[in-house]
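Heads up: the structure comes next, in structure tokens.
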Amino acid sequence: MIKKNLKMLIITSVVILLPIVAGLILWNKLPEEVPIHFNAQGVVDGWSGKVTAVFAMPLFMLAVHWICMLVTTLDPKNKNITEKNINLVLWITPVLSIFVGGIIYSFALGYELNINTIFPFFFGIFFIVIGNYMPKCKQSYTIGIKVPWTLESEENWNYTHRLAGKTWVVGGLLIIALSFLNSVWIFMAITIIMVIIPVIGSYLFHKKENKQ
């Protein structure tokens with residue numbers, strides 16, 4: 001699978017490292033201490049040295065990217081993983097790398113962004129995209145909602161991912177709509193509910209299957 005998608009894997013790896021290029025271009029403008037963490041109020045509460053801020057995060061994400069691709073390749077059910085699913089795996093980390101890099105450099109250069117609006121808005125879009133992919137996921141050990149009941153029953157898997165798809169799209173839209181409230185707690189609450197609903201639905205479907 002890696003060999004088949006090697007070209008795209010290289011392209012996405014380059015995209016992941018673009019924040020390093022941006023950091024080198026901005027090097028003389030960046031402060032020695034760069035903000036890298038924010039509290040629940042959206043206020044910077046963590047800093048790192050310039051070298052760490054520019055190089056560490058993209059390199060860490062690159063490692064995660066290749067590990068995810070390797071794990072997906074080694075999945076015993078990798079024949080069920082479609083090209084659309086692989087493209088999703090390939091592009092999640094690059095998009096996150098650009099987003100995180102943009103946020104870090106913006107704050108480092110003195111731009112006052114409302115992180116509690118930008119963060120939920122971005123992830124609301126993220127959840128909508130994943131929600132649209134959910135019903136297309138076939139049974140596997142790496143992509144999708146992997147609880148015992150979905151892995152032992154293809155019918156349960158299909159039901160759970162149709163439910164998850166609808167839940168994540170609605171949840172994503174709700175997060176975007178409420179992002180102007182600037183509350184990380186609302187974002188976290190909706191996200192938790194989005195995770196819980198498909199799992200509960202999957203379990204109830206499992207109980208129903210057993211009764212039948």
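A few comments on the model shown:
- Yes/no for Val147 being touching a helix residue (DSSP H, G or I) at 6+ places or on another chain (Cβ under 7 Å) and modelled with pLDDT of 95 or more: no
- Against the test of being in contact (Cβ under 8 Å) with a residue 60 or more places away in the chain and either hydrophobic (A, V, I, L, M, F, W, C) or at positive phi (or both), the options Val44, Val54, Val21 yield a single qualifying residue, Val44.
- Considering the stretch 180-212, and only residues there that are of a type in the set (Ser, Thr, Tyr) and not in a loop (DSSP other than H, G, I, E, B), the residue that is least open to solvent (accessible area, probe 1.4 Å) turns out to be Ser202.
- Taken as a whole, the structure places Thr150 among residues that are among the hydroxyl-bearing types (Ser, Thr, Tyr) and part of a helix (DSSP H, G or I).
- Test for Phe126: is it surrounded by 19 or more Cβ atoms within 10 Å (Cβ to Cβ) and in contact (Cβ under 8 Å) with a residue 24 or more places away in the chain: no
- Residue satisfying condition, being part of a helix (DSSP H, G or I) and surrounded by fewer than 16 Cβ atoms within 10 Å (Cβ to Cβ), within set Ala177, Ala164: Ala177
- Applying the criterion of being among the hydrophobic types (A, V, I, L, M, F, W, C) and at pLDDT below 90 to the residues of the stretch 80-113, the residue that is most open to solvent (accessible area, probe 1.4 Å) is Leu113.
- Any hit, the stretch 108-117, residues being of a type outside the set (Asp, Glu), in contact with a Leu (Cβ under 6 Å, 6 or more places away or on another chain), in a helix (DSSP H, G or I) and closer than 30 Å to Ser48 by Cα: yes
The values are calculated or read from the model by the stated rules, or taken from the named source; none is laboratory data. Treat the numbers as computed from the prediction; the structure is a model and nothing was measured. All Cβ positions, glycine included, derive from the backbone under ideal geometry; neighbour counts span all protein chains shown. Each accessible area value is taken on the protein alone, full model and side chains, heavy atoms only, with ligands, DNA and RNA left out. Shrake-Rupley method; radii C 1.70, N 1.55, O 1.52, S 1.80 Å.
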